[in-house]
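Novice: Sharing a structure here in structure tokens format.
The values are calculated or read from the model by the stated rules, or taken from the named source; none is laboratory data. This one's a predicted model, so the numbers in the text were calculated from it and none came from an experiment. Virtual Cβ from ideal backbone geometry, glycine too; neighbours counted across all protein chains shown.
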Amino acid sequence: MFADVARMSFEKAQAEGLVAYIGKETVDAFIQAVSEQALCETGMKKDISIVYTPLNGAGGYCVKRVLKENGFQNVYVVKEQEMPDGCFPTCPYPNPEIEQAMELGIRDAKRLNCDLLLATDPDCDRVGVGVKSGCKYLLLSANEIGMLLLEYICKRRNAGGSMPCRPLMMKTIVTIDMAERIASDYGVDTVNVLTGFKYIGEQIGLLEEKGEEERFIFGFEESYGYLSGSYVRDKDGVGASLLISEMAAYYKNQGKGLKEVLDELYAKYGYCLNTLHCYTFEGMEGIKKMDGIMSGFRTAAPSQIGGLKVISISDYKESLIKYRDGRENQIELPKSNVMKFMLEGNASMVVRPSGTEPKLKLYFSICADTEEDAKQLEMKIKEDIEKVLY
């Protein structure tokens, strides 16, 4: 596959001046910028125990350093995954979204009886989290981590008097809708952007142009990316690792685990289920089929899905939101072949063709009184939509 790709050794690249090293001053400035995002009170106990794995990627140095410099002394690194290794010998797919990549971390967390498991992906811009739940370790979804961080950041900023005027939270349109209700309860407005963290970075840049970057307090996406603060323009696993650790310590001091805090959020806002379903359509006929499905949603949009009335339809290709009562609003985002159906009862569905695979992606966000109710509703919506797809 790579036979025709020009290659050279690292040593030769160094000799030819093709390798540039990041100096100590840059790393120090980055660690300082991350540390400035900390929200805990001076002197707060941080005696939680943490297992951390960089999954043989680049995160080890910065994550370990920022945790140590911010008072977290009980940090244990998974030895087999500590050093960078592009062959990733311990797991073929070093993605903190999947349980297989977390197996060694879970092993060590159980052995050491730790409070928290952190895993960063190879380039350390995403973070996976495991929390102790009885005698097991529960792997949190990206949406759950994001909601916990949003609640914690808002709570701590309010308590510390650091909430800015007209604060903003940012998320992608396929990220959990419940986050908007959490933000609203703290007086924080939400900016929704297209899929991809670069669009959150773009919005921060626009704020900076107006001298208002301090309004941004948090951004996240459903693929395990988080950012608090405007010190970078992309998701940051180092900063997220610090805030997650701080959050876990804060709640432990109150006698709570992160699972308990998450359950409190669900008790307040309803259980929220976010799922992704992918449908494959191979070849040119598959492309035509997907085009036809998207066109059908635009020309003959359903009035209800899964028994729930459609409240509004956001068409990001046409830059238009159409409401059931006939109102229309413009969408001030780049055009993209994406549609979002807002349903009654705090449910929604986003549909878009994949940009890299012959797949149609459907994202469901469903809130109900219980997990079982949410799953039943998801099944109804899924069955209804599949009648259109096939």
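Novice: Mind telling me which of the residues Glu264, Glu202, Glu208, Glu285 ends up being among the acidic types (Asp, Glu), assigned to a helix (DSSP H, G or I), out of contact with any Phe, Trp or Tyr (no Cβ under 8 Å at 6 or more places or on another chain) and in the same structural domain as Ile321 (by TED's automatic domain parsing)?
Specialist: Working: Glu264 fails: in the same structural domain as Ile321 (by TED's automatic domain parsing); Glu202 fails: in the same structural domain as Ile321 (by TED's automatic domain parsing); Glu208 fails: in the same structural domain as Ile321 (by TED's automatic domain parsing).
Sole residue among the options that is among the acidic types (Asp, Glu), assigned to a helix (DSSP H, G or I), out of contact with any Phe, Trp or Tyr (no Cβ under 8 Å at 6 or more places or on another chain) and in the same structural domain as Ile321 (by TED's automatic domain parsing): Glu285.
Novice: Okay, moving on. Can you tell me which residues in the stretch 70-100 are of a type in the set (Phe, Trp, Tyr) and under 25 Å from Glu246 (Cβ atoms)?
Specialist: Phe72, Tyr76
Novice: Give just the number: which of (1) surrounded by fewer than 16 Cβ atoms within 10 Å (Cβ to Cβ); (2) of a type in the set (Asp, Glu); (3) under 19 Å from Leu39 (Cβ atoms) does Glu151 not satisfy?
Specialist: Going through (1) surrounded by fewer than 16 Cβ atoms within 10 Å (Cβ to Cβ); (2) of a type in the set (Asp, Glu); (3) under 19 Å from Leu39 (Cβ atoms) one by one, Glu151 breaks only (1).
Novice: Then there is this: Looking at Gly296, Gly286, Gly345, Gly306, which is the one that is in contact (Cβ under 8 Å) with a residue 40 or more places away in the chain and closer than 25 Å to Ala368 by Cα?
Specialist: Working: Gly296 fails: closer than 25 Å to Ala368 by Cα; Gly286 fails: closer than 25 Å to Ala368 by Cα; Gly345 fails: in contact (Cβ under 8 Å) with a residue 40 or more places away in the chain.
Only one candidate passes the filter, namely Gly306.
Novice: Still on this model: Quickly run through the stretch 204-238 and pick out the residues that are of a type in the set (S, T, N, Q) and modelled with pLDDT of 95 or more.
Specialist: Hits for the stretch 204-238 are Ser228, Ser230.
Novice: Do we find a residue being touching a helix residue (DSSP H, G or I) at 6+ places or on another chain (Cβ under 6 Å) and either within 14 Å of Leu258 (Cβ to Cβ) or of a type in the set (Val, Ile, Thr) (or both) anywhere in the stretch 88-109?
Specialist: Yes, because at least one residue in the stretch 88-109 is touching a helix residue (DSSP H, G or I) at 6+ places or on another chain (Cβ under 6 Å) and either within 14 Å of Leu258 (Cβ to Cβ) or of a type in the set (Val, Ile, Thr) (or both).
Novice: If we keep just the residues of the stretch 253-262 that are over 19 Å from the mean Cα position of the chain (by Cα) and either surrounded by 12 or more Cβ atoms within 10 Å (Cβ to Cβ) or of a type in the set (Phe, Trp, Tyr) (or both), which is nearest to Lys45 (Cα to Cα)?
Specialist: Looking only at the stretch 253-262, we keep the residues that are over 19 Å from the mean Cα position of the chain (by Cα), and these are 253-257, 260.
Okay, now just the ones that are also either surrounded by 12 or more Cβ atoms within 10 Å (Cβ to Cβ) or of a type in the set (Phe, Trp, Tyr) (or both), so 253, 256-257, 260.
On the way: Asn253: 7, Lys256: 14, Gly257: 15, Glu260: 19 Å.
Once the filter is applied, the top-ranked residue is Asn253.
Novice: Does Tyr76 satisfy the criteria of being assigned to a strand (DSSP E or B) and more than 23 Å from the chain's Cα centre (by Cα)?
Specialist: Yes: the conditions hold for Tyr76.
Novice: May I pose another question? If only one of Asp325, Asp373 is in contact (Cβ under 8 Å) with a residue 40 or more places away in the chain and either part of a helix (DSSP H, G or I) or over 22 Å from the mean Cα position of the chain (by Cα) (or both), which one is it?
Specialist: Among Asp325, Asp373, only Asp373 is in contact (Cβ under 8 Å) with a residue 40 or more places away in the chain and either part of a helix (DSSP H, G or I) or over 22 Å from the mean Cα position of the chain (by Cα) (or both).
Novice: Something else now. Identify, please: which residue in the stretch 118-137 is touching a Lys or Arg at 6+ places or on another chain (Cβ under 6 Å) and part of a strand (DSSP E or B) and is, among those, modelled with the highest pLDDT?
Specialist: Val131
Novice: Can you name the residue in the stretch 349-365 that is among the β-branched types (Val, Ile, Thr) and either within 16 Å of Leu308 (Cα to Cα) or not in a strand (DSSP E or B) (or both) and is also farthest from the chain's Cα centre (by Cα) among such residues?
Specialist: Thr356
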